[in-house]
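The values are calculated or read from the model by the stated rules, or taken from the named source; none is laboratory data. Model, not experiment: these values are computed from the prediction. Cβ placement follows ideal geometry from the backbone for every residue including glycine, while neighbour counts extend to all protein chains displayed.
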Amino acid sequence: MNMESTKTELDLPAGPLRDAFVGLNRLYVETRRHGAALSEMKRLFMSSPHASSHQGFALLGDTGAGKTTTVRQLEAWLRKQLGLAPDAPTPLPIVTMHADMTPRGLVEALLDIYGDPMPTTGKRSDLDKRLRKYLQRANHIFGIVLDEGQHGFIGKTGRQRLLMTATLKDVISECPRPVLALGPLTLEEHLDGDPALHQRFAERAFLEDLRLDLDDDLHDVRAVLRGMDAQLPSAPGCKLDSADMLKRLYVAGQASFGRKVRIVRLACSYGAIDGASVVQVQHYSRAWRAVAPRKLRHDKHDPFLLDGATVTKLAAQLGTKLQGTD
């Protein structure tokens, strides 16, 4: 399964929109925007499917810059290289780090993705020993992704931060596959704060959230929307490859590439939860409210409820504003 939202996929009721949601999370559309970072990450895996790495790679960028999209493309590329069936377990599982995650919690999360059947109670040393065995012997996992990597360090005391650094360093030292850390630019400060992590994460790529005010960027997002449209059963007027929906999504996502994609996925999941057979306008409205600033969550600002002329005007104003900040 895809790294993203596995639990969410399983929680959705069976039906065409659940299947579409799974398909959207596995969608692979090559775009110029993520090409350089994707090439750098591919290089880690290219010498041989069995090559050892013991190496970290940091993919840095603000929310909406496309970090998850780039990793999704890498995972799809890996599947193709390995000849894996669509329903085969992912070769690139993800661990999402959170503010309350302790060093021990990271070890437990890693044991979980390796399918360790043993309980996670007991001494930390025993957990480390089991994880070391999995890291060295599991041949079905070709890399590990640590999403929101900054949460491994933010808010930690001096001792906890040192323990997290040591744990992460040990994981990379023992894992014969690349470990990819995703996070905002502030993650770099934590990686550079310790010589051991700086050395392990010497290779890095930066993603800007290109604001889709250039023709090349709009060409990229149209390609992604066409790919999503092929997966998504949509009500009349909600086809993603239409000029009208492109403008509505442009305004809804405030021209952010990642936010536009997220809104479509959320709308699909809301439709599935409702038991609908197609994604409808109200599902896009709910998705927009989930990502919009709180002060804008009102029908009068909803780009999926406004008339076409107003949306066209708002899209033009947004484009002008963004070009003026270059």
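Among the listed residues Ala76, Ala88, which satisfies the condition of being of a type in the set (A, V, I, L, M, F, W, C), part of a loop (DSSP other than H, G, I, E, B) and either surrounded by 12 or more Cβ atoms within 10 Å (Cβ to Cβ) or in contact (Cβ under 8 Å) with a residue 60 or more places away in the chain (or both)? Talk me through it step by step, then tell me what you get.
Working: Ala76 fails: part of a loop (DSSP other than H, G, I, E, B).
Every option except Ala88 fails the conditions.
Of the helices (runs of 4 or more DSSP H) lying entirely inside the range 138-242, the ones with 3 or more residues being within 30 Å of Gln55 (Cβ to Cβ) and in contact (Cβ under 8 Å) with a residue 24 or more places away in the chain are found at 158-174, 187-192, 195-200. Take the residues in the range 31-50 that are exposed (fewer than 15 other Cβ atoms within 10 Å of the Cβ) and part of a loop (DSSP other than H, G, I, E, B), then tell me which one is modelled with the highest pLDDT. So the residue we want is Ser47. Tally the residues that are among the charged types (D, E, K, R) and at pLDDT 90 or above, restricting the search to the range 175-199. Qualifying residue count for the region: 3. Checking the range 117-134 against the condition returns no match, with no residue being assigned by TED's automatic domain parsing to the domain that holds Ala65 and within 19 Å of the chain's Cα centre (by Cα).
Being over 24 Å from Leu218 (Cα atoms) and not β-branched (Val, Ile, Thr) is the filter; apply it to the range 256-279 and report the residue that is surrounded by the fewest Cβ atoms within 10 Å (Cβ to Cβ). That would be Gly275. If you check Val107, Val95 for being buried (at least 18 other Cβ atoms within 10 Å of the Cβ), within 13 Å of Asp147 (Cβ to Cβ) and touching a Leu at 6+ places or on another chain (Cβ under 7 Å), only one passes: Val95. Screening Thr63 on (1) modelled with pLDDT of 85 or more; (2) assigned to a loop (DSSP other than H, G, I, E, B); (3) under 30 Å from Pro184 (Cβ atoms) shows it passes everything except condition (1). Within the range 205-213, the presence of at least one residue that is in contact with a helix residue (DSSP H, G or I) (Cβ under 9 Å, 6 or more places away or on another chain) and at pLDDT 85 or above is confirmed. Among the residues of the range 177-204, those identified as of a type outside the set (S, T, N, Q) and over 23 Å from the mean Cα position of the chain (by Cα) are Asp192, Gly193, Asp194, Pro195, Ala196, His198.
Kindly indicate whether Ile141 is assigned by TED's automatic domain parsing to the domain that holds Thr68, under 21 Å from the mean Cα position of the chain (by Cα) and under 14 Å from His190 (Cα atoms). Even if it seems obvious, please write down each step before you answer.
Numbers: assigned by TED's automatic domain parsing to the domain that holds Thr68: yes; under 21 Å from the mean Cα position of the chain (by Cα): yes; under 14 Å from His190 (Cα atoms): no.
When the stated conditions are applied, Ile141 does not pass them.
The residue of the range 269-317 that is farthest from the chain's Cα centre (by Cα), among those that are of a type in the set (Asp, Glu) and closer than 30 Å to Pro13 by Cβ, is Asp299.
Scanning the range 235-278 for residues that are in contact with a helix residue (DSSP H, G or I) (Cβ under 8 Å, 6 or more places away or on another chain) and on the phi > 0 side of the Ramachandran plot yields Gly237, Gln254, Ala255. For the range 140-154, a residue qualifies if it is out of contact with any Asp or Glu (no Cβ under 9 Å at 6 or more places or on another chain) and over 23 Å from Gln73 (Cβ atoms), and the qualifying residues are Gly152, Ile154. When Val291 is tested against (1) surrounded by 14 or more Cβ atoms within 10 Å (Cβ to Cβ); (2) at pLDDT 95 or above, only condition (2) is not met. What residue, of Gly253, Gly227, Gly237, Gly275, is under 20 Å from Gln317 (Cα atoms) and either in contact with a Ser or Thr (Cβ under 7 Å, 6 or more places away or on another chain) or not assigned by TED's automatic domain parsing to the domain that holds Gly158 (or both)? Being under 20 Å from Gln317 (Cα atoms) and either in contact with a Ser or Thr (Cβ under 7 Å, 6 or more places away or on another chain) or not assigned by TED's automatic domain parsing to the domain that holds Gly158 (or both) holds for just one of Gly253, Gly227, Gly237, Gly275, which is Gly253.
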